[in-house]
Each structure stands twice: as structure tokens, then as C-alpha cells.
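Chemist: Provided herewith is a single structure, encoded as C-alpha cells, for subsequent inquiry.
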Amino acid sequence: MVAQRLEEAIILATYHSAKQSLFLFDYDGTLTPIVENPAAAILSDEALRSIQTLASDTRNAVWIISGRNQSFLEQLFGHLTEIGLVAEHGSFLRSPGSGDWEDLTAKVDMSWQEEVVQVFQRYTDLTPGSRIEKKRAAVCWHFRQASQDYATLQAAQCKKDLESTIARNHPLEFINGKCVLEARLRFINKGQIAQRLVDEIRAASGKPPDFVLCFGDDVTDEDMFRALRDSDLPKNTLYSVTIGESQKITDADWILSDPTEVVATIMMLNESDEYIRGKETRQNGDSKRNSRVLPVPRSFLLGSGP
């Protein structure tokens with residue numbers, strides 16, 4: 001389906017009335033633009049501060065759910081203990097307040113990976129600029145730096161080869177992402193992580209979160225959108241948001257155009273929340289002489305830059 005554009009009025013009232021909110025963020029293409037060199041996709045200081053502010057509110061559970069490995073996420077977010085981290089699309093999880101990673105694939109047979117690597121290697125040899133990345137529960141064939149027309153045709157043929165051979169003996173699926181073909185286990189994905197996080201909040205508080213905001217841009221993020229859509233969360237508390245062109249086909253209900261709008265959304269929620277809290281304090285007669293009540297800055301409205 002085609003998603004509708006997310007506007008501020010759609011989420012503000014629900015967010016401010018929520019007692020427990022869950023935020024799920026993909027990383028590449030969602031919090032930062034897609035770049036030719038993945039190592040250069042580093043979150044801005046402004047964006048990092050905004051996410052930290054969001055996570056510092058005890059009503060909010062904030063998670064980064066990425067295809068990146070543990071080392072990368074630790075380097076960027078390791079010092080922010082309030083934020084939960086998920087690496088390799090659901091293979092590893094670090095809960096808020098914990099310095100330890102849980103390996104969710106520790107007991108899973110990974111012998112299929114070498115078979116996939118052999119197939120990928122054949123296509124790598126035929127496609128200059130492509131490369132193989134082996135993860136804990138996936139193997140990726142990247143071709144962002146190859147000739148795109150040729151590499152795209154090669155990826156389509158490679159997928160057919162995998163589906164007709166290795167997939168017959170292993171519970172695998174093959175995902176065409178942005179300049180990448182990924183072979184992964186069907187039961188390790190972002191969707192099962194999203195459902196787990198909802199269930200954990202339900203178990204801890206006796207009810208599910210009453211505001212869920214989920215952002216992603218790629219095929220692997222569609223797993224989150226579908227899992228949340230198919231859950232028992234009330235539809236008026238769930239906001240799944242894809243990032244990209246307005247006519248893209250997605251299982252998300254809402255859309256923003258690029259990562260700058262995602263960051264602007266976070267900043268808008270932070271600033272408007274401070275405004276609402278200050279207003280409530282003033283109305284209760286408890287405000288101090290030097291308390292600072294901020295209006296919602298118009299530069300943070302969705303659709304404008306951060």
C-alpha cells in the first residue's frame with residue numbers, strides 16, 4: 001500500500017497522553033542518509049543529543065534496531081545506557097541499563113553460511129566492486145560500488161540460484177535491499193524483535209505500550225511494520241513510518257521523505273513535551289520563578305529541516 005504523510009498533529013496528542021511509549025529506529029537510511037561508504041554514515045551530534053533526550057524520559061523505551069554489527073552500535077551508542085540496541089537485524093540484543101549483549105542465535109545451526117558464501121563468491125568474481133559480508137545470522141552480497149545495472153541483474157540471478165539449491169535444505173530467505181542481496185534465517189528478523197519488545201513492556205506493566213512509533217526505510221524494516229500491524233496493539237496508538245519517496249509500496253501506514261525529517265520529529269516531540277510539562281506545572285501552581293517554559297519551535301515541524 002501507499003503510506004500517508006506523517007504530520008505533527010497525528011502523533012502529538014497520543015504521545016503526550018501516553019504513560020509508556022516505545023520507539024523503534026532503524027539506523028542507515030532512517031537516522032542517517034545512505035552513503036557510498038557505510039563507515040561514513042555517522043549520526044550527527046544534534047541527532048544523538050535528541051535521541052538521548054527522548055530516552056532520558058522514563059516513560060519512553062528507545063531502541064535502535066539495525067543491520068549493523070555490535071561493534072559499530074557500541075561505538076556510537078554504547079555510552080547511552082538508556083537506549084536499547086539490536087544488532088544484525090535481531091541476532092544480538094543489549095537491553096537498556098545493561099552492558100552485556102544477548103546472542104539470540106547461540107543455539108542455531110549456521111553451517112548453511114559457507115554454502116551461501118560459495119555462491120556469492122562466484123558472483124563477486126563476476127562483478128567488480130562487489131563484496132561479501134558475513135554476519136552472525138546472515139550473509140550479504142553488497143554491490144553499491146559496482147556497475148548498478150549489471151550488478152542488479154546479477155543479484156536477481158544469484159537469488160534464483162540460491163532459492164533453487166540451498167533454500168531447499170535450510171530455513172532461509174533472500175532479501176533484495178538497497179544495493180545488497182541478503183541471505184538470512186527466516187526466523188531471525190526485526191519483526192520478531194519488535195514483537196518481543198512489546199511483549200516485555202506488557203509483562204512488566206500488565207499492559208502494552210500506549211504509544212508506539214517505529215521508523216525504517218528498507219525491506220528488512222517491513223518485518224517490523226508487519227509484526228506491529230498484526231499485533232493486538234490498538235491502531236490509534238501505533239505509528240509505523242517508512243522513509244523514502246512518497247509513492248513507495250510499504251506495510252507502514254505513514255511516510256517521511258528523509259532522515260532529516262526523522263530527526264526533526266524527535267526534536268519536535270522533545271520540545272513540545274517540555275512545553276506541555278511546563279504548562280502543566282504552571283497550571284498546578286507549582287512553577288518556580290526561574291522555570292523555563294518553551295514554545296514548540298516552528299522550525300521543528302515535520303517537513304522542515306532540523
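Chemist: Could you please let me know if SER130 is of a type in the set (S, T, N, Q), out of contact with any Leu (no Cβ under 9 Å at 6 or more places or on another chain), free of Cβ contacts under 8 Å to residues at least 40 places away in the same chain and within 30 Å of LEU197 (Cα to Cα)?
Modeler: Spelling it out, it is not the case that SER130 is of a type in the set (S, T, N, Q), out of contact with any Leu (no Cβ under 9 Å at 6 or more places or on another chain), free of Cβ contacts under 8 Å to residues at least 40 places away in the same chain and within 30 Å of LEU197 (Cα to Cα).
Chemist: If you don't mind, there's one more thing I want to ask. Would you call LYS178 at pLDDT below 95 and crowded, with 19+ Cβ neighbours inside 10 Å?
Modeler: Answer is no for this residue.
Chemist: Before we move on, is VAL35 assigned to a strand (DSSP E or B), free of Cβ contacts under 8 Å to residues at least 60 places away in the same chain and either outside the structural domain of ASP218 (by TED's automatic domain parsing) or of a type in the set (Val, Ile, Thr) (or both)?
Modeler: Against the criterion (assigned to a strand (DSSP E or B), free of Cβ contacts under 8 Å to residues at least 60 places away in the same chain and either outside the structural domain of ASP218 (by TED's automatic domain parsing) or of a type in the set (Val, Ile, Thr) (or both)), VAL35 does not qualify.
Chemist: Tell me yes or no: at least one residue of segment 38-61 is more than 20 Å from HIS142 (Cβ to Cβ), surrounded by fewer than 19 Cβ atoms within 10 Å (Cβ to Cβ), modelled with pLDDT of 95 or more and touching a Pro at 6+ places or on another chain (Cβ under 7 Å).
Modeler: No, because not a single residue in segment 38-61 is more than 20 Å from HIS142 (Cβ to Cβ), surrounded by fewer than 19 Cβ atoms within 10 Å (Cβ to Cβ), modelled with pLDDT of 95 or more and touching a Pro at 6+ places or on another chain (Cβ under 7 Å).
Chemist: Scan segment 147-163 for residues that are polar (S, T, N, Q) and either assigned to a helix (DSSP H, G or I) or loosely packed, with under 13 Cβ neighbours inside 10 Å (or both) and jot them down.
Modeler: Result: GLN148, THR152, GLN154, GLN157.
Chemist: I'm told ASP26 meets every condition in (1) out of contact with any helix residue (DSSP H, G or I) (no Cβ under 7 Å at 6 or more places or on another chain); (2) touching a residue at least 40 places away in the same chain (Cβ under 8 Å); (3) of a type in the set (D, E, K, R) except one. Can you identify the failing condition by its number?
Modeler: Result: ASP26 passes all but (1).
Chemist: Okay, moving on. Conditions: (1) at negative phi; (2) assigned to a loop (DSSP other than H, G, I, E, B); (3) not hydroxyl-bearing (Ser, Thr, Tyr). GLY129 meets all but one. Number of the miss?
Modeler: Only one criterion in (1) at negative phi; (2) assigned to a loop (DSSP other than H, G, I, E, B); (3) not hydroxyl-bearing (Ser, Thr, Tyr) is unmet by GLY129, namely (1).
Chemist: Considering each of ARG186, ARG144 in turn, give the residue that is under 23 Å from the mean Cα position of the chain (by Cα) and touching a residue at least 60 places away in the same chain (Cβ under 8 Å).
Modeler: When all the criteria are applied, what remains is ARG144.
Chemist: Now for a different question. It is to be established whether one or more residues within segment 137-147 are among the charged types (D, E, K, R), in contact with a strand residue (DSSP E or B) (Cβ under 8 Å, 6 or more places away or on another chain) and within 30 Å of LYS107 (Cβ to Cβ).
Modeler: No, the conditions are met nowhere in segment 137-147.
Chemist: Kindly provide the set of residues from segment 147-162 that are farther than 30 Å from LEU93 by Cβ, of a type outside the set (S, T, N, Q) and free of Cβ contacts under 8 Å to residues at least 24 places away in the same chain, ordered by number.
Modeler: Hits for segment 147-162 are ASP149, TYR150, LEU153, ALA156, LYS160.
Chemist: Name the single residue that is farthest from PRO38 (Cα to Cα) among those in segment 119-174 being modelled with pLDDT of 95 or more and either in the same structural domain as ILE34 (by TED's automatic domain parsing) or of a type in the set (Lys, Arg) (or both).
Modeler: Among those that are modelled with pLDDT of 95 or more and either in the same structural domain as ILE34 (by TED's automatic domain parsing) or of a type in the set (Lys, Arg) (or both), it is LYS160.
Chemist: Within segment 98-122, how many residues turn out to be part of a helix (DSSP H, G or I) and among the hydrophobic types (A, V, I, L, M, F, W, C)?
Modeler: So the count comes out to 5.
Chemist: Somewhere in segment 49-60, is a residue touching a residue at least 24 places away in the same chain (Cβ under 8 Å) and part of a strand (DSSP E or B)?
Modeler: Among the residues of segment 49-60, at least one is touching a residue at least 24 places away in the same chain (Cβ under 8 Å) and part of a strand (DSSP E or B), which makes the answer yes.
Chemist: Let me ask something additional. Return the residues of segment 67-97 that are surrounded by 24 or more Cβ atoms within 10 Å (Cβ to Cβ) and in a loop (DSSP other than H, G, I, E, B); say none if nothing qualifies.
Modeler: GLY67, HIS89, GLY90, SER91
Chemist: Continuing with the same structure: What number of residues within segment 246-300 satisfy the criterion of being part of a helix (DSSP H, G or I) and modelled with pLDDT of 90 or more?
Modeler: 13
Chemist: So the check is Cβ under 6 Å with 6+ separation or different chains; which pairs have a first residue in segment 100-116 that's within 18 Å of CYS140 (Cα to Cα) and a second one that's in a loop (DSSP other than H, G, I, E, B)?
Modeler: THR105/SER91; THR105/ARG136; THR105/ALA137; TRP112/HIS170
Chemist: May I ask you to say which residue of ARG49, ARG68, ARG5, ARG59 is in contact with a Lys or Arg (Cβ under 7 Å, 6 or more places away or on another chain) and either closer than 20 Å to VAL198 by Cβ or not polar (S, T, N, Q) (or both)?
Modeler: The conditions single out ARG59.
The values are calculated or read from the model by the stated rules, or taken from the named source; none is laboratory data. All figures in this text were calculated on a predicted structure; none of them were measured in a lab. Glycine also receives a Cβ, built like all others from the backbone with ideal geometry; neighbour counts cover every protein chain displayed.
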